[in-house]
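For reference, the structure is listed below as structure tokens.
The values are calculated or read from the model by the stated rules, or taken from the named source; none is laboratory data. Given the structure is predicted, the values throughout are model-derived calculations rather than measurements. Just so you know, the surface numbers come from the protein's heavy atoms only, side chains and all, with ligands and any DNA or RNA stripped out. Shrake-Rupley method; radii C 1.70, N 1.55, O 1.52, S 1.80 Å.
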Amino acid sequence: MNDQQDPKALEKVYTRLVDLLTTGEEIIYIAVQKKPLVNILPDCVALTNKRTLFFTPANLGLSIKFVDFVWKDIVDVSIKEEIIGAIFSVRTTNGAEMGVDYLPKVQARKLYQYAQERKEEEREARRQRELEEKRAESGSFNFDTRNAARSVEPEHQPEPIAPVQHETIAPPSPVHEEPVIKDELTEKLKKLRTLFDNGLISQEEYNQKKLELLSDF
């Protein structure tokens, strides 16, 4: 409320968001769209320490649709300030993109600031996990080496037996196939983006169609 968020919209989103929180998840910030002239059913963006959520009113405001992205899947966040308000958007590893326009600039800037901080924390956590995995692999190798060095040869060694040659058959290489559903979603998102870039649909129509596509998949 310190950044002039719409009280009614904020209350609806906060009530819904509290029910969606997982164990250890905390709300960082909620931004509310402010359309010029008419702002009856604004979209909202919420940041938690685990994900980013986009809320869109549906059924004339009687219900709220949402789509969320966990931080490890978000590769980029951006804001674009315009004459009236700003656009905040995120892009994920699979090419999905979601944004909200007509956000008050102060709210969009805070979304960007908090999102960048959270992405930096995620990068550091990922780096620590990779270091721990490398240490674990190195420790396992050293343990095996020490055990091998401690082995004692028997007092009376038997005559060596010629080893039996076995033909080694290499297992077939796994064939990696991209899921058909992912390809279909990506193509539909690209076509939708092309329509928006060519000015054939508005930002609001673009967000609504994208939300429907992501919900279907």
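With N set to the residue count of the stretch 1-53, report its C-alpha Rg divided by 2.2 N^0.38 Å to two decimal places.
1.17
Over the heavy atoms of Tyr102, what accessible area does a 1.4 Å probe trace out, to the nearest 10 Å²?
For Tyr102, solvent-accessible area is about 80 Å².
Counting only the heavy atoms of the protein chains, how much of Lys72 is accessible to a 1.4 Å probe, in Å² to the nearest 10?
Taking all protein chains as shown, Lys72 has close to 130 Å².
Pairs to check: Lys50/Lys80; Lys12/Lys105; Lys8/Lys105; Lys8/Lys191; Lys119/Lys190; Lys12/Lys188. Give those whose C-alpha atoms are more than 27 Å from each other in this structure.
With Cα atoms farther than 27 Å apart: Lys8/Lys191; Lys12/Lys188.
Return, for the Cα atoms of the stretch 1-140, the radius of gyration and Dmax in Å, separated by a comma.
17.0, 66
Give the ranking of Ile64, Ile28, Ile40, Ile84 by solvent-accessible surface, highest area first, calculated with a 1.4 Å probe.
Ile40, Ile84, Ile28, Ile64
Ranked from the most accessible area to the least, with a 1.4 Å probe and all protein chains present, what is the order of Phe88, Phe69, Phe196?
I get Phe196, Phe69, Phe88, largest accessible area first.
Can you give me the Cα centroid spacing of the stretch 193-207 and the stretch 15-93 in angstrom?
Cα centroid to Cα centroid, the span is 19 Å.
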